[in-house]
There are 2 protein chains.
Amino acid sequence: MTGACDFERIFNPKSVVIVGVSSKPGFGFGRGMFNALMAMGFAGSIYPVSPKGGEIDGLKIYETVEEIPGEVDFAVISIAARHVPEALEACRKKGAAGAEILSAGFSETETPEGTALEEEVKRIAGKGIRVIGPNCFGIYCPESGLTLIPGPDLSREPGPVAFLSQSGGMSVDFAHIGKWMGVRFSKVVSFGNGADLRESELLNYLLDDPDTGVITMYVEGVENGRDFFSALRRTAERKPVIVYKGGLSDSGGRAVASHTASMGGSGVIWRSALRQCNAVQVGGIMEMAQTSLAFSLLPHKIYKGVSVMGGGGALGVNACDVAESLGLEIPRLKEEIEARIISILPRPGSSAGNPIDVANPFVSAQILKEVLLLAAGDEKIDLQIMIQLLYHYKSLAGGIGADSIRDVSPHHELAQGVQEVVDTTGKPVIVVLPNLKQEIDSMDVEEVMREARKAFLDRGIPVFDDISDALKAVNRVSDYCRKKHGTPLRKAAS
Amino acid sequence: MTGACDFERIFNPKSVVIVGVSSKPGFGFGRGMFNALMAMGFAGSIYPVSPKGGEIDGLKIYETVEEIPGEVDFAVISIAARHVPEALEACRKKGAAGAEILSAGFSETETPEGTALEEEVKRIAGKGIRVIGPNCFGIYCPESGLTLIPGPDLSREPGPVAFLSQSGGMSVDFAHIGKWMGVRFSKVVSFGNGADLRESELLNYLLDDPDTGVITMYVEGVENGRDFFSALRRTAERKPVIVYKGGLSDSGGRAVASHTASMGGSGVIWRSALRQCNAVQVGGIMEMAQTSLAFSLLPHKIYKGVSVMGGGGALGVNACDVAESLGLEIPRLKEEIEARIISILPRPGSSAGNPIDVANPFVSAQILKEVLLLAAGDEKIDLQIMIQLLYHYKSLAGGIGADSIRDVSPHHELAQGVQEVVDTTGKPVIVVLPNLKQEIDSMDVEEVMREARKAFLDRGIPVFDDISDALKAVNRVSDYCRKKHGTPLRKAAS
């Protein structure tokens, strides 16, 4: 199954044909993909095709693939399953390097007709055109502007994370989450039933892809376990591979069968095989996104000692409990550092033992920055976490007669300050920004939260909603690096 | 320590004195509390006190407690710690039933002065005035309009959940979360250092409080373990008690010492004691809120079989994996029910085996309602979950030329439909509404999500952001009821 593949023409095509674009507005996937590529600003040529012809946005709709005048690098096929083989063959003859088949109605239906159609697709793929799908949402490549369906508004900013997904819904959901959470993608491939191109071959490609530094996968089942785990092990030796395996339970296994026609496989075997390959196993889409974010933005090294700073004692207590359960430490700071920190914090109500309780959420950005600088001076500290409950600034604004939370929220100074701390100390800082005030009449808080997240992300500082998610993500990075370098678990940073 | 206490005058005071209200605007807690009580619409008399006198919002500021003309039910004390005993004694002489001391600077400082001041407070409390605090955020009672600091905008809608918290930050954070998540409170008590009124006595009161159906607690340490666990066991036999114990780790234990002057205690002992009392143990604020929501809105019974309906196969796979890991089941539906469901769903791409994949996020509210009605007809199903990715309606709006997501989002029909399903079938439905699209230019999506949440909550239907949180919360309810009625774990619903 590892044939030649011109990935460059597939991910960065100069021209795309879309088979199945109706001239009438509606919900059709082909029409949706046409709109989405236009909205994304895809720079190459787009050739819409439909037997009824017509026009769309001033572009001619070709009645057949054959009559397209120019060359075609890549095809999107979105027509009823029974017509797919013919269209695929036409694209192959036209010289396309690859095609994504968005249509469903193949092996996942578990019917003889569906299975036969998929066999036919495989046969044509074997003659040279590489196939993504069927039953998939396609390819998203921020660099070129290719996008998933329905993805008219995904980010065009490229980044280090590649995502391979058997599930279309998961691919588009993760692409959307990544946009605001700060996960930037090199390429995302939703390969659905995976009749041709799928996990192992794509992993082998990504291993050498210079644009990809982190690989994330949603897997329901694999075609060939031996090939997959061998590709996975080899890849994880060079780049972190985050794997979300869906369908580890009995009913989950049944669900994957009807979803992507995969065999789920036993949970015990999967977990053990993933561990042996040093893959980073996650159990849900948010955890997958948070882990991808941490691997994108944190230096890949072993973290042991963490400082936690926030306004509110219970937050610090929680951080300690979670950290310790993961094997991370929140060590007490050196006495002289503790004394210097306490001397600049408001009294009473503060404490500086680590966790550092700054007593209230209104401590200035300047003081918070100084505390971070001081705490970083303790060699036991590898990474710092700042928890900020920005929502309290809404009551503050009311109390001091300011017009809105935006007038008083210090997120820009905070972001600036944290960046200076990271630059000065060389120790990463993670920011935790929970929004605990989400009622309808607090949209102003939400707006400030989003601006704050962006201000930190623009400086390469990861933001999490929750301290426990942040600590888990740090621990994933640490664990991966520890295993990669063969360091025993407990003696890591000593 | 279990003296007489006129809780009625404390939670529903006709008059409140606030000691420490500056006539100048600023950040002082006393001034903040004055503003907050006004903003909450507290209906009783408010008497501000400050040695400097003056006026605030047209009200006279009294120079001493003694000169207040009327009777005083309850006092808020927010002045420097060293002046607190004198003010407390004045309030006692004035006949107040209770006082909350917001000031910090007592035993939590671990200094001889702080400890002596707290002893003095205890001594005065022993003479009849009951004390909440010191080092606390006070009492929130939606019924009367008492509020926490800083809480000018908490909900006035009362409900079944009482919350007892050693941490002030935790109390105000949970009160804010409850407002939008749909947790409604009977009373919230932040008791800080707990010099007088604290966990055991408050539990005993809540056991018989007719307004309280669910009790939630944030505990760092208890005064008397034997009293506490005996009160807890007795209470949990009648009402669910959700306990979030902070400081179970070594460093967490150190953090609680400087936070509320508590001894943390060993994690193993706590977990085992809580289990023996059939308390519902949670490990973070969001989990605490979600569990409180489930106990507020779901019938207290054993749940085993769950149906899951959503547009997107991977969501269903994930639901199965999580459900099974908890001991819940997502059983395959009866053949004839499955056939009837599949006949009304779009093809291809859908499946009805449970999880029910409705193929895309745009299936109409009418059809979703019919699917829920059909699935409820299977006696294996005790509870239903509907996952709805409303964010996709933003691209839909763009695709069909609608002005905004609000024009096309079906959340009102969905809420109406789900309510009819619950009324008809008697089986609860939980709605999962993840917002995966949180970038700055999608505030429109957030607005619709919040309206949608409210539309469901207004009908008593719980909403979660995440399927796995929803399943965990259901399982908590189920587990509590199973243990309460002594049913063995695995044979529950058979």
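Below are the figures for this structure:
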item: Every residue from the range B:145-162 that is crowded, with 22+ Cβ neighbours inside 10 Å and touching a helix residue (DSSP H, G or I) at 6+ places or on another chain (Cβ under 6 Å); result: B:Thr147, B:Leu148, B:Ile149, B:Pro150, B:Gly151, B:Leu154, B:Val161, B:Ala162
item: Set B:Tyr244, B:Tyr218, B:Tyr303: member being farther than 25 Å from B:Gly327 by Cα and touching a residue at least 24 places away in the same chain (Cβ under 8 Å); result: B:Tyr218
item: Leading residue by the ranking (farthest from the other protein chains (Cβ to nearest Cβ)) among those in the range B:78-105 that are of a type in the set (A, V, I, L, M, F, W, C) and closer than 14 Å to B:Ser15 by Cα; result: B:Ala97
item: The one condition in (1) within 30 Å of A:Gln366 (Cα to Cα); (2) not in a helix (DSSP H, G or I) that A:Ala323 fails to fulfil; result: (2)
item: Exclusive hit being buried (at least 18 other Cβ atoms within 10 Å of the Cβ), assigned by TED's automatic domain parsing to the domain that holds B:Ala473 and among the small types (Gly, Ala, Ser), set B:Gly353, B:Gly426; result: B:Gly353
item: Residues within the range B:112-130 that are out of contact with any Phe, Trp or Tyr (no Cβ under 9 Å at 6 or more places or on another chain) and under 15 Å from B:Ala97 (Cβ atoms), tallied; result: 6
item: Flag for A:Ala319 being within 7 Å of another protein chain (Cβ to nearest Cβ), hydrophobic (A, V, I, L, M, F, W, C) and surrounded by 18 or more Cβ atoms within 10 Å (Cβ to Cβ); result: no
item: Tally, over the range B:447-468, of residues that are in contact with a helix residue (DSSP H, G or I) (Cβ under 6 Å, 6 or more places away or on another chain) and buried (at least 19 other Cβ atoms within 10 Å of the Cβ); result: 11
item: Total residues in the range A:297-316, condition within 14 Å of another protein chain (Cβ to nearest Cβ) and either under 10 Å from the mean Cα position of the chain (by Cα) or not hydroxyl-bearing (Ser, Thr, Tyr) (or both); result: 12
item: Restricting the range B:395-410 to residues that are under 30 Å from A:Leu457 (Cβ atoms) and facing chain A (nearest Cβ under 8 Å), the residue that is surrounded by the most Cβ atoms within 10 Å (Cβ to Cβ); result: B:Ser395
item: Positions within the range B:4-32 being in contact with a Phe, Trp or Tyr (Cβ under 9 Å, 6 or more places away or on another chain), surrounded by fewer than 22 Cβ atoms within 10 Å (Cβ to Cβ) and assigned to a helix (DSSP H, G or I), in sequence order; result: B:Phe7, B:Arg9
item: Qualifying residue in the range A:182-196 (condition: at pLDDT 95 or above, within 12 Å of chain B (Cβ to nearest Cβ), within 10 Å of the chain's Cα centre (by Cα) and on the phi > 0 side of the Ramachandran plot); result: yes
item: Residue satisfying condition, being touching a Ser or Thr at 6+ places or on another chain (Cβ under 9 Å), touching a residue at least 24 places away in the same chain (Cβ under 8 Å) and within 17 Å of A:Leu389 (Cα to Cα), within set B:Gly151, B:Gly182, B:Gly133; result: B:Gly151
item: Count of residues meeting criterion [within 15 Å of B:Leu197 (Cα to Cα) and either at pLDDT 95 or above or more than 8 Å from every other protein chain (Cβ to nearest Cβ) (or both)] in the range B:226-261; result: 3
item: Residue match in the range B:453-460 (condition: more than 13 Å from chain A (Cβ to nearest Cβ) and out of contact with any strand residue (DSSP E or B) (no Cβ under 9 Å at 6 or more places or on another chain)); result: yes
item: Out of B:Ala339, B:Ala294, B:Ala365, sole residue that is more than 9 Å from chain A (Cβ to nearest Cβ), in contact with a His (Cβ under 9 Å, 6 or more places away or on another chain) and of a type outside the set (Asp, Glu); result: B:Ala365
item: Residue within the range B:104-113 that is under 30 Å from B:Ala43 (Cβ atoms), touching a Leu at 6+ places or on another chain (Cβ under 8 Å) and not in a helix (DSSP H, G or I) present; result: no
item: Members of the range A:299-314 found to be of a type in the set (A, V, I, L, M) and surrounded by 22 or more Cβ atoms within 10 Å (Cβ to Cβ), listed by number; result: A:Val306, A:Val308, A:Met309, A:Ala314
item: Pair list, Cβ < 7 Å and 6+ apart or interchain, from the range A:373-401 residues that are on the phi > 0 side of the Ramachandran plot to residues that are assigned to a loop (DSSP other than H, G, I, E, B); result: A:Gly401/B:Pro25
item: A:Glu324 being within 9 Å of chain B (Cβ to nearest Cβ) and farther than 26 Å from A:Val445 by Cα; result: yes
item: Exclusive hit being surrounded by fewer than 18 Cβ atoms within 10 Å (Cβ to Cβ), more than 31 Å from the chain's Cα centre (by Cα) and modelled with pLDDT of 95 or more, set A:Glu338, A:Glu379, A:Glu413; result: A:Glu379
item: Of the criteria (1) among the acidic types (Asp, Glu); (2) within 14 Å of another protein chain (Cβ to nearest Cβ); (3) at negative phi, which one A:Glu55 fails; result: (2)
item: Complete set of residues in the range A:33-43 that are surrounded by 18 or more Cβ atoms within 10 Å (Cβ to Cβ) and more than 23 Å from the chain's Cα centre (by Cα); result: A:Phe34, A:Asn35
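The values are calculated or read from the model by the stated rules, or taken from the named source; none is laboratory data. Computed from a predicted structure; not experimentally measured. All Cβ positions, even for glycine, are placed from backbone atoms using ideal geometry, and neighbour counts span all protein chains on display.
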